[in-house]
Every structure is written in C-alpha cells, then in structure tokens.
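Q: Quick one: structure below, then a few questions.
The values are calculated or read from the model by the stated rules, or taken from the named source; none is laboratory data. Values in this document were obtained by computation on a predicted structure and should not be read as measured data. Cβ placement follows ideal geometry from the backbone for every residue including glycine, while neighbour counts extend to all protein chains displayed.
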Amino acid sequence: MTVLAEVAPAHTVARRASAIRSRSDPPLVRWAIIAVALLFLSLFLVLPLVVVFVQAFSHGVLPYLGALTHPDTIAAVRLTLIVAAISVSLNLVFGLVAAWAITKFEFPGKSFLITLIDLPFSISPVISGLVFVLLFGAQGYFGEYLIAHDIRIIFALPGIVLATVLVTFPFVARELIPLMKEQGTQDEEAAISLGASGLQTFFRVTLPNVKWALLYGVLLCNARAMGEFGAVSVVSGHIRGETNTMPLHIEILYNEYQLVAAFAVASVLALLALLTLISKTLLERYTRHA
Amino acid sequence: MTSSADIAGTIGPGRVSGARRFKGRQPSVIPGFGITLGLTLSWLALIVLIPLIGLFLKSAELGFSDFWSIVTSRRTLHALQISFGLALLAAVINLVFGTVIVWALARYDFPGRRIFDALIDIPFALPTAVAGISLTTLFAENGWIGRLLVPLGIKVAFTPLGILVALIFIGLPFVVRTVQPVLLDLEVELEEAAATLGATRWQIFSKVIVPVILPALLTGFALAFARAVGEYGSVIFIAGNLPNVSEIAPLLIVIRLSEFKYTDASAIAVVMLLLSFVLLFVINRLQQWSGTRISGG
C-alpha cells in the first residue's frame, strides 16, 4: 500500500485500495481456502502419483528393472505402442477432415453433427468395448461370417484398435473445431483466389495455423489411447504376451500379487502421464505468448 | 482439455434455423465440402453410430418383459444405484472442493501454485488402471491414508466408500478446468461496483460471483458426473466388487459378457446410456436457464 501511495495520485490510490479490498479476502479466510485446496489436491492427486513410484522401487532397482525387461512386459509395451500409433493416426486424420467440413462450410444440422462427434465422451468405456463384441464376437452379428473366413477381430489387434478409436474419437476434432471456427475462412479464401489448390491451401495455410492445437489434441488422444483400460479389457481376451496392453498387464500382475512388477509397469505409464502434462503446460504457455 | 467444457453444452438436439433448413449449404469458394463431410459422416457411422445401433437392436431382441425383468432384477438395480448414486455424490463433492481449489488457484498466490495448477490434469493423463491400484494401495488398511482411518473405524478400500474416492479422483479436473477460465475472466469492475454500493464480501460472492460462474459450475458438474457413471478402470481395484454391495453397473456388464449373456449385457448398457443422456439433457437445460437468468434474457 505504501509503495502505491508514493507513485500514484491520491484519488487513484483510494480507488485501487477499494478495488484490492473488494477482491482480497481476510487473511484467515485466504489461508483456510489455500489449506483446504492444497490438502484436497495432495490427498487425491499428489499422493496417488507418489505411491506408484514408491511401490515400484520398494524392493530396489533390480527387481524394478527385472519387471520391466520381462518378455510379457515388453510384449505389452509393444502392443500398446502399436495400438496407440494406429488409433491416434486414424483420429488425427478424422479430426482434421471433420474440422475442415464443420468450420469451413455452413450446412444444416451442423451442431447436431458436433454433438454426435462428442457422443463417445459420455459412453462408458465398457460399453465402447461391448458394442464391438456384439458386432464381431463369436455370437455377434458378423460372428459366423468371421469364423467361417478365419478373420479375428475380437480378442485380437483389430478389436483393441476399434475400441481405442471409439474411446478417443472426439479428442483431436474437439481441439481443432473451436480454433478453426475462430480463425474463419478468409485465409483459405485468399489462398484459393490466388490460385492455390485445395490441398495446397490446406497444407500451407490451414495446417500451420492450427499446428499447436493439433499437437495438443494428439497429445491428449495419445495419453488416453495408451492408458485405456475398460474398453480394451472387454475386447482383448487377456492373452498374455499377445493381446495384453500395458494397463491390462498391470491388472494381471496386480491380481497375482506381483506388486513390484505391477507398479513398475504402472510407473512407466505414470511417467508418460507426467510427460504429457509437462508438454501440455509448455504448449499452453508457448501459445499464450505467441 | 478446457474445450471439453463445451461437451455438455452441445448435448441435446441440434438447432438449425428454419429458414436455412431447406436451402442446404451456403455457397463457398473453398473446395472439399463433399469429400470431407462424406468422410466425416462415414467414419462417424462406422465407429460410433452403427455399433451403438447394434447395441440397441441386441437389447431389443429380448422383448419387453425379458428386458424389464433383467433391468429390474435386484442385482442390476443395485449396480445402477451404486453407479449413478455415487457418481452424483462424487460430482457434488467435486463441485464444492473444485470451487475452493479454483478460488485458491485463481485469486491467491502461494508457493507451488503453478505446479499444483499443472497437476490438476493428472486424472486426465494418468491411466485409470494405474490410478486404481495406486488409490487402493493408499486407502487399504495398511496404506498411508487407510492406516490413519482405521482407528476412526473408517474402511475405504473394498467398500462403496472406496468407489466414491476413485470417482472423486477422476472427476475433479472437469470441475476445475471448466470453472477456472470463467473465474479468471470475471471483471474486477463488477465486484468493485458491488463493494462501492456497500455489499459485504459474502454478498459479493453469493450475489455477484456465483451467478456468473453458475453455468460453468453446472457444466463441470455434468462432465464429472457423466465420466463417473461409466468409470470402470479406477473403480474395480478399490471397490471390492461384492454383488449387491459394491458392484458398479459397468462391472456387471463385463460379468454378463464373460458369461456369454450378450443380451443381458446390452440391456444393462442401454439403460445406462439412456439414463445418462436424460440426466445430461436435464443438466443442459438447467445450464441454459442459469445462463439466460444472468444475461437477463
């Protein structure tokens, strides 16, 4: 307050003082609110994260490394990477295509279309897996045909990918649509009128404009794809070394009381989550200043 | 992640202005309308719509009386009650503590504020299975927190209380991330004006701030609730999974599937979907009502 008084004329000081008074709470209230907030966050967010690493290293570094280099773990990591790579690419292309259609053109039923794209957010992961079992499972609609032609979808890679794609369906589109709507169509119209083709316009004008939002969407999509449990659990069949992704592998190890191994695999996913958060924070800070 | 805030806002029928409905799309020089919309609709149909229609058709194979007896069986009703009841309770708890946390993050400065702010998104990024085993370890009777609760006679892990803990964990960021931008954007002048007119701090909070952030609070509440209703991964480890005690509806679907009772599983899934759509629709209406109330519409 005294610093303000030295530099600002009296009436400004009075106004500032009332402004600060109107926004700042008494110290007791302030500290109580901060204490409650930090206690809640520590209890529900920080401790669970810490426990993962403490448990993973509870018997030292060697058992930890042993668990991570086990052939079943390596197979699970490989499958998780393959599934994430396929489903993130599919949703990346879909997100760009859908955002282009929705933001560059006016057509009836647009908001209903956006609602449908968001629909998977409000579907239980278990149901996202179930719907594909009903279609492609042994007793499903296409079950007999698939068995007759020896095509495996459920309890195999295609089923896991399908379930993951459904669960992560809205992620990229959701990040792109608001931004591209805000940016409008003038840039594209200018490029086209100067003789650029549609693809040239997309790659040289639109894509550079949305690259950070796209990266952000891909990041979140990837985190969910690698960590998806419920949907994948329903379609995977839990075949060790074959159809177990990392989250499913964690479940099996945990249920077999191999706690160090379970938490070791969990720590890899937790590290991935932390990396995602750090990149997200950096991205937000960077785009805010840009 | 903040953009997920709009999800609940868009649920409900699309609004198409009557004049434009029959005119089709507006002319544009930008190419690619047909192919991008075509691809979008085909992909949407293949991944989302056809599988969901398949689900509804499967449950329709049952006929009404069989369907009704499955969804009103004691075990199903109890599982639905656990999933919806605890999701609602968790969303209420997140609404209260989420508001406190947003307030602390948006208005005060304290050491570690930015780190805590970044950590809010942990439940979005941490796989649910990891959260599940970690919360179970924390709240088990020999865990760091569970140990402190034993003398008080409180058991968390392997009881419905454990389910509540998991649902609070996964729902928290929805409330915080929806309300945070609105509270940060709140104009100082509003509060100043109220203060000049002699309002107390509490009056400013309840009469000026709450009405402005109410639509965002409801959206955050709806998102946290919707996520918690269907949650599976973080819950099954901590729940104990006793039928009629701590069994959630998604787990019952998984159990019916493993017994190859596809139609039973789809009947429960259909009820879950319909119930959550109805609830989201109601919350969406509430949100519009609170929005028009402050804008004076």
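Q: Step by step: first the residues of the range B:50-107, then only those that are within 14 Å of chain A (Cβ to nearest Cβ) and assigned to a loop (DSSP other than H, G, I, E, B), then the one that is nearest to B:Val156 (Cα to Cα). Which residue is that?
A: B:Leu62
Q: Considering only the range B:250-262, state which residues are surrounded by fewer than 20 Cβ atoms within 10 Å (Cβ to Cβ) and either in contact with a strand residue (DSSP E or B) (Cβ under 8 Å, 6 or more places away or on another chain) or not aliphatic (A, V, I, L, M) (or both).
A: Of everything in the range B:250-262, those that are surrounded by fewer than 20 Cβ atoms within 10 Å (Cβ to Cβ) and either in contact with a strand residue (DSSP E or B) (Cβ under 8 Å, 6 or more places away or on another chain) or not aliphatic (A, V, I, L, M) (or both) turn out to be B:Ser258, B:Glu259, B:Phe260, B:Lys261.
Q: Name the residues in the range B:238-258 that are within 14 Å of chain A (Cβ to nearest Cβ), in contact (Cβ under 8 Å) with a residue 40 or more places away in the chain and not aliphatic (A, V, I, L, M), would you?
A: Those that are within 14 Å of chain A (Cβ to nearest Cβ), in contact (Cβ under 8 Å) with a residue 40 or more places away in the chain and not aliphatic (A, V, I, L, M): B:Gly240, B:Glu247, B:Pro250.
Q: Here's a follow-up. Of the conditions (1) of a type in the set (S, T, N, Q); (2) over 24 Å from the mean Cα position of the chain (by Cα); (3) part of a helix (DSSP H, G or I), A:Thr164 satisfies every one except a single condition; which number is it?
A: (2) is the only condition that A:Thr164 fails.
Q: Test B:Ile204 against the criterion of being within 30 Å of A:Thr80 (Cβ to Cβ), assigned to a helix (DSSP H, G or I) and not charged (D, E, K, R), and give yes or no.
A: no
Q: Another question, if that's okay. Taking the residues in the range A:122-161 that are assigned to a loop (DSSP other than H, G, I, E, B) and either charged (D, E, K, R) or in contact with a Lys or Arg (Cβ under 7 Å, 6 or more places away or on another chain) (or both) as candidates, determine which candidate is surrounded by the most Cβ atoms within 10 Å (Cβ to Cβ).
A: Only one residue tops the list, namely A:Arg152.
Q: Here's another thing I want to ask about it. What number goes with the only condition from (1) free of Cβ contacts under 8 Å to residues at least 24 places away in the same chain; (2) touching a Gly at 6+ places or on another chain (Cβ under 8 Å) that A:Gly129 does not pass?
A: Here A:Gly129 clears every test but (1).
Q: Just to be sure before I move on: is A:Leu135 without any contact (Cβ under 8 Å) to a residue 60 or more places away in the chain, more than 20 Å from A:Glu242 (Cα to Cα) and assigned by TED's automatic domain parsing to the domain that holds A:Arg224 in the structure I sent?
A: Working: without any contact (Cβ under 8 Å) to a residue 60 or more places away in the chain: yes; more than 20 Å from A:Glu242 (Cα to Cα): yes; assigned by TED's automatic domain parsing to the domain that holds A:Arg224: yes.
Answer is yes for this residue.
Q: Looking at B:Leu49, B:Leu44, B:Leu55, which one is under 30 Å from A:Thr276 (Cα atoms) and modelled with pLDDT of 95 or more?
A: Result: B:Leu44 is the single residue among B:Leu49, B:Leu44, B:Leu55 that is under 30 Å from A:Thr276 (Cα atoms) and modelled with pLDDT of 95 or more.
Q: Which one of A:Gly237, A:Gly195, A:Gly227, A:Gly184 is within 9 Å of another protein chain (Cβ to nearest Cβ) and not aliphatic (A, V, I, L, M)?
A: Within the list A:Gly237, A:Gly195, A:Gly227, A:Gly184, the selection yields A:Gly227.
Q: Need pairs with beta-carbon distance below 7 Å; first residue outside the structural domain of B:Ser83 (by TED's automatic domain parsing) and within the range B:265-285, second not hydrophobic (A, V, I, L, M, F, W, C); sequence gap 6+ or separate chains.
A: Nothing qualifies.
Q: Something else: So is B:Ser246 surrounded by fewer than 16 Cβ atoms within 10 Å (Cβ to Cβ), at pLDDT below 95 and under 30 Å from B:Lys155 (Cβ atoms) or not?
A: No.
Q: Considering only residues that are buried (at least 16 other Cβ atoms within 10 Å of the Cβ) and either among the polar types (S, T, N, Q) or not assigned by TED's automatic domain parsing to the domain that holds B:Phe221 (or both), which ones fall in the range B:133-189?
A: Of everything in the range B:133-189, those that are buried (at least 16 other Cβ atoms within 10 Å of the Cβ) and either among the polar types (S, T, N, Q) or not assigned by TED's automatic domain parsing to the domain that holds B:Phe221 (or both) turn out to be B:Ser134, B:Thr136, B:Thr137, B:Thr159, B:Thr178, B:Gln180.
Q: Would you confirm, using the coordinates I've provided, whether A:Ser111 is in the same structural domain as A:Met180 (by TED's automatic domain parsing) and either free of Cβ contacts under 8 Å to residues at least 40 places away in the same chain or not in a helix (DSSP H, G or I) (or both)?
A: Yes, satisfied.
Q: Which of the following residues is under 30 Å from B:Val212 (Cα atoms), within 10 Å of chain A (Cβ to nearest Cβ) and under 20 Å from the mean Cα position of the chain (by Cα): B:Val270, B:Val229, B:Val235?
A: Answer to the check: B:Val229.
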